[in-house]
Amino acid sequence: MNIAAIIAMLIMIISFLLFFIFIFIKFYKIKNKSNGYKKIRGKCVDYNKVFMKNSISDVGEWRKYPIVIYEVDNRQYQVTGQTAYGLGTPLKNIKFTVFYNPNDPNDAILADQHRWFLIILIGLLLGIVCILYFLINNLILGNNMKIYTYQIKCNYKGYVYDEIEETEAKSRDEALNLIKEKYKNWPATCEFEEVNKYTD
């Protein structure tokens, strides 16, 4: 793996970590807020429709946020979810779990915020693990790989094929075998000459 690829991977890991920390803080705040709250079932009666624009391009799409009614002590309250759903997702009359503050029933959040933040956290963590594995695997196991360049000359009934081929291998013998394997079924006589000389 070259230096540019390593730097790109490190930048990607740092970006993933920063986003992971941001989502973790958001999840922790929501989780901490719901501690001591009571749980109740509410019903979606409507939704807020919002056009979400892509930050990179002008392309966007309409999304909707559920408006959920719940009842505490025979009095109805309303809370709007923070998770966006596609316009095709049926929301009306769907039951949602609501966490509300027993001292102030107006203070409430939907349980879907827990679920989606947790899913994002798990996805980010898996992404970081995969990138780290790929990076470490290439740095530790691939640090002795070299690029071998060969000039291939093949003669078939007077027609001469001349080409430069590159292959990545741990040794000269492995590189030569890889090149020969590629041309073994050619109906021609081929000669292989290494262009760059490594000391194995």
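Values computed for the structure shown
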item: Estimated distance in nm for a label pair at Glu71 and Phe192, the labels positioned 7 Å out from Cα along Cα-to-Cβ; result: 8.0 nm
item: Cβ-Cβ FRET estimate between Ile136 and Ile40, R0 fixed at 41 Å, reported to 0.05; result: 0.30
item: Asn106-Lys49 FRET efficiency (beta carbon distance; Förster radius 25 Å; 0.05 resolution); result: 0.60
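Taken together, the values in this text are just the output of simple stated rules run on the coordinates, not laboratory data. Owing to the predicted nature of the structure, the values given are computational and were not obtained by experimental measurement. Methodologically, a virtual Cβ is constructed for each residue, glycine included, from the backbone with ideal geometry; neighbour enumeration extends over all protein chains shown.
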